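S.K.: Take this structure, written in structure tokens, and hold onto it; I'll ask about it next.
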Amino acid sequence: MVTNVTSFGRSGLYDWMIQRVTAVVLLAYTLFIVGYLLLTPDLDFNQWNSLFENIAMRIFSLMLVLSFAAHAWIGLWCVTTDYIPMTGLRFLVQSVTGFMTFVYVTWAIQVIWGI
Amino acid sequence: MLVSVYRYNPDVDDAPYMQDIHIDIPGGKDIMVLDLLQLLKDKDPSLGYRRSCREGVCGSDGMNMNGKNGLACITPLSAVVKKDKLVLRPLPGLPVIRDLVIDMSQFYAQYEKIKPYLINDSAPPAIERLQSPEERAELDGLYECILCACCSTACPSFWWNPDKFIGPSGLLQAYRFLADSRDNAQEERLADLDDPFSVFRCHGIMNCVSVCPKGLNPTKAIGKIRKLLLQRAT
């Protein structure tokens, strides 16, 4: 067995399953937003604001952000392990990716719950 | 026609180069690429390539013909030549020993990892371990692999991680033993595969399927390994 401490869940199966489950969340959210925009042609700020004030929508949006973070980490981890053979540089790029992901998640939480 | 051949002799050349050779096919017949290589070798005996059975069974003469991997002995010129030109290169991704001859050590190391032999610690029966026709049929499409390396060397995941990713050929063989009713080491075999590289570096682009000279489907076998891993873990 090949081991690697920088992967998302250490197990290939776990990473693979998380990537598929999060992909379903991303698809569901995309379909919902596109559907909402199509069904609400005269959308104004108040309607948009009240949509995101709804607790169910906030939970859905947070689920999207966390899914996006996990999905992106697994995907970019694959890209870095494929294309950056130098261990030091690879670890640096992975660290920056992890840091940026954390910043975006925290920022997104503030946006979602600050409405 | 024009044949452009990858040439590299580490004893003489500083770097690999492409050698262009104009050649007339006797009688204008549709010969196999291996026959063409013999004609080239008659002209220049220093050209190196592997060959043995010349009928697609031994898997020695895997090479890249006009950009696609295949066995030279069962590939007719009519199937690969475009605009009267043929470019011959060694299988991509593995170190070149000389000309079209590659070092397959990494490929074999991955094959060795999957323990390509039956493991069964139960007491052997008096004569042999029997299989029903249905159990035997499970191995169809798996046991036919001749280890020519056309698939693994067509796989970008194997190019980037030949030391960690088992590759389509090895994984097809891994499933061949996982699916064998006479083997009882399934748990041990699956435990060895459940990491982010060995199986899961496959992203299903199916280059392996499109080049396999035996018409096998490693991607399907990899899907079945994933299913077994999922069943084992959930």
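Throughout, read-outs are computed from the coordinates displayed, never taken from laboratory work. Computed from a predicted model, the values in this text were never measured in an experiment. Cβ placement follows ideal geometry from the backbone for every residue including glycine, while neighbour counts extend to all protein chains displayed.
S.K.: Taking amide hydrogens as modeled 1.01 Å from N in the peptide plane, which residues meet the under 5 Å criterion relative to B:Ser4, leaving out close sequence neighbours?
M.R.: B:Ile21, B:Leu86, B:Val87, B:Leu88
S.K.: Is the C-alpha gyration tensor of segment B:176-218 telling us rounded, prolate or oblate? Criteria: a/c under 1.5 is rounded; beyond that, a/b larger than b/c is prolate, otherwise oblate.
M.R.: Oblate, since a/c reaches 1.5 and b/c is not below a/b.
S.K.: Equivalent-ellipsoid semi-axes (√(5λ), Cα gyration tensor) for segment B:5-116, whole Å, largest first?
M.R.: 24, 18, 12
S.K.: Next question. With a ≥ b ≥ c taken as the square roots of the eigenvalues of the C-alpha gyration tensor of segment B:155-227, please select rounded if a/c is under 1.5 and otherwise prolate if a/b is larger than b/c or oblate if it is not?
M.R.: It comes out oblate by the Cα gyration axes.
S.K.: With no solvent and one equal point scatterer placed on each C-alpha of segment B:84-171, evaluate the Debye formula and give log10 I(q)/I(0) for q = 0.18 Å⁻¹, two decimals.
M.R.: One equal scatterer on each Cα of segment B:84-171 leads to -0.88.
S.K.: Go through segment B:158-171 residue by residue and turn each phi into a ³J(HN,Hα) via Karplus (6.51, -1.76, 1.60, θ = phi - 60°); whole Hz please, and just put x for glycine and proline.
M.R.: 6, 4, 7, 10, x, 8, 10, 8, 4, x, x, 5, x, 6
S.K.: When the chain is fully extended, how far beyond the present Cα-Cα distance does B:Ser46 get from B:Ser181, taking 0.36 nm per residue of separation?
M.R.: 43.7 nm
S.K.: Which net charge results for the neighbourhood of B:Asn184, defined as the other residues with beta-carbon distances under 14 angstrom from its beta-carbon, given Lys and Arg at +1 and Asp and Glu at -1?
M.R.: Around B:Asn184, the surrounding residues sum to -2.
S.K.: Give the whole-number value, in cubic angstrom per residue, of the convex hull volume spanned by the C-alpha atoms of chain A.
M.R.: Taking the convex hull of the Cα positions in chain A, it is 116 Å³ per residue.
S.K.: Considering every pair of different Cα atoms, what Kirkwood radius, in Å, is found for the protein assembly as shown?
M.R.: That comes to 23.9 Å for the protein assembly as shown.
S.K.: Rounding to the nearest 20 debye, state how big the charge dipole of the protein assembly as shown is about its Cα centre with +1 on each Lys and Arg Cβ and -1 on each Asp and Glu Cβ.
M.R.: So the magnitude is around 160 debye.
S.K.: Taking the Cβ-Cβ separation of B:Lys82 and B:Asp11 as r and a Förster radius of 35 Å, what is the calculated FRET efficiency to the nearest 0.05?
M.R.: With a Förster radius of 35 Å, E is 0.55.
S.K.: Which of A:Trp77, B:Trp160 has the fewest other C-beta atoms within 10 Å, and how do the rest follow up to the most?
M.R.: B:Trp160, A:Trp77
S.K.: Now for a separate question. What net charge is computed for the residues neighbouring B:Ile205, neighbours being all others with C-beta under 15 Å from the C-beta of B:Ile205, Lys and Arg scored +1, Asp and Glu -1?
M.R.: +2
S.K.: If packing is taken as the average count of other Cβ atoms within 10 Å, what order do B:73-85, A:80-92, B:30-42 fall into, highest mean first?
M.R.: Final packing ranking: B:30-42, B:73-85, A:80-92.
S.K.: Within a Cβ distance under 12 Å of B:Lys224, other residues only, what is the Lys/Arg minus Asp/Glu net charge?
M.R.: Its environment carries a net charge of +3.
S.K.: Let me confirm the definition first: pairs of Lys residues in chain B, 8 or more apart or on different chains, C-alpha distance under 17 Å. How many are there?
M.R.: Final tally of qualifying lysine pairs is 9.
S.K.: Given the Cα-Cα distance of A:Val105 and A:Ala72 and 0.36 nm per residue of separation, how much length would full extension add, in nm?
M.R.: 10.7 nm
S.K.: Same structure, new question: Can you tell which of B:Tyr8, B:Leu39, B:Asn184 lies farthest toward the positive end of the dipole of the protein assembly as shown, using +1 and -1 charges on the Cβ of basic and acidic side chains (Lys, Arg; Asp, Glu)?
M.R.: Of the candidates, B:Leu39 comes out farthest on the positive side.
S.K.: How many partner chain Cβ atoms sit within 10 Å of a residue's Cβ in peptide B:190-199, on average, as a whole number?
M.R.: Mean number of neighbouring Cβ atoms from other chains: 6.
S.K.: So, one more: Quick one: divide the alpha-carbon radius of gyration of chain B by 2.2 N^0.38 Å and tell me what you get.
M.R.: The value comes to 1.15.
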